[in-house]
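One structure is given here, and the rest of the page talks about it.
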Amino acid sequence: MAIREKGELQEELLSLKLKPEQVGVRFEEEGIKEWGQVHWAVKVAAIAARIEDDGGLIPQALKNIPDSLLLRLGPKRKTWAELVQTMKDIPSSDIAGVRRVEDRFALMEATISNLQRTQPQTPTRAHQRLLRPRGIVSHAERPARRVLFPQAPVASTPMARLSPRHRSPPDD
């Protein structure tokens with residue numbers, strides 16, 4: 001087998017993904033009905049046999065399956081035959097659990113995506129919007145005032161502020 005062909009087969013093996021919606025679904029190929037996860041494992045194992053892999057690519061291939069299914073698989077497998085058998089041995093109740101978990105993951109991802117699309121407001125914008133209807137304007141928004149008529153100097157003592165008629169008469 002040519003090196004180039006072996007590399008292409010390895011790329012094909014590592015590109016095969018088991019989608020969450022394929023788990024627990026029956027596939028029929030060449031007259032054989034199999035669950036989606038078993039179909040994926042058989043297909044990956046067949047490609048691995050063509051490139052004469054002894055199980056070294058199993059960890060990379062398992063990165064292409066849903067996390068919830070990976071958690072159900074249990075301890076590591078050493079050969080492709082063990083991987084296929086493990087996929088066949090997964091109880092249907094576990095497969096239903098995998099589907100529920102994947103549905104929850106999809107819902108959470110959609111919620112997160114929707115939240116990320118909304119533009120967050122900065123606190124200053126939010127505060128400015130709250131202050132405007134009440135007529136309170138921040139210093140930055142207040143226009144500079146020109147002083148046309150300066151005020152007379154203000155006396156510093158309280159008695160000096162009183163008008164002359166309110167002052168007590170001077171002692172003679």
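The values are calculated or read from the model by the stated rules, or taken from the named source; none is laboratory data. Worth saying up front: this structure is predicted, and the values here are computed from it rather than measured. Backbone-built Cβ (ideal geometry, glycine too); neighbour counts: all protein chains shown.
Taking the stretch 7-20 as the range and being at pLDDT 85 or above and not polar (S, T, N, Q) as the test, the residues that pass are 7, 8, 9, 11, 12, 13, 14, 16, 17, 18, 19. Within the stretch 54-77, restricting attention to residues that are in contact (Cβ under 8 Å) with a residue 40 or more places away in the chain and part of a loop (DSSP other than H, G, I, E, B), the residue that is farthest from residue 94 (Cα to Cα) is 57. The set of residues in the stretch 23-48 being farther than 13 Å from residue 83 by Cα and either part of a helix (DSSP H, G or I) or charged (D, E, K, R) (or both) consists of 26, 28, 29, 30, 33, 34, 36, 47.
Restricting attention to the stretch 15-53, and to residues there that are among the basic types (Lys, Arg) and touching a residue at least 24 places away in the same chain (Cβ under 8 Å), which single residue is farthest from residue 102 (Cα to Cα)?
As a first pass, look at the stretch 15-53 and keep what is among the basic types (Lys, Arg): 17, 19, 26, 33, 43, 50.
This time we only want the ones that are touching a residue at least 24 places away in the same chain (Cβ under 8 Å), so: 17, 19, 43, 50.
On the way: 17: 15, 19: 10, 43: 22, 50: 32 Å.
Per the stated criteria, the residue is 50.
Scanning the stretch 103-114 turns up no residue that is free of Cβ contacts under 8 Å to residues at least 60 places away in the same chain, part of a loop (DSSP other than H, G, I, E, B) and over 21 Å from residue 12 (Cα atoms).
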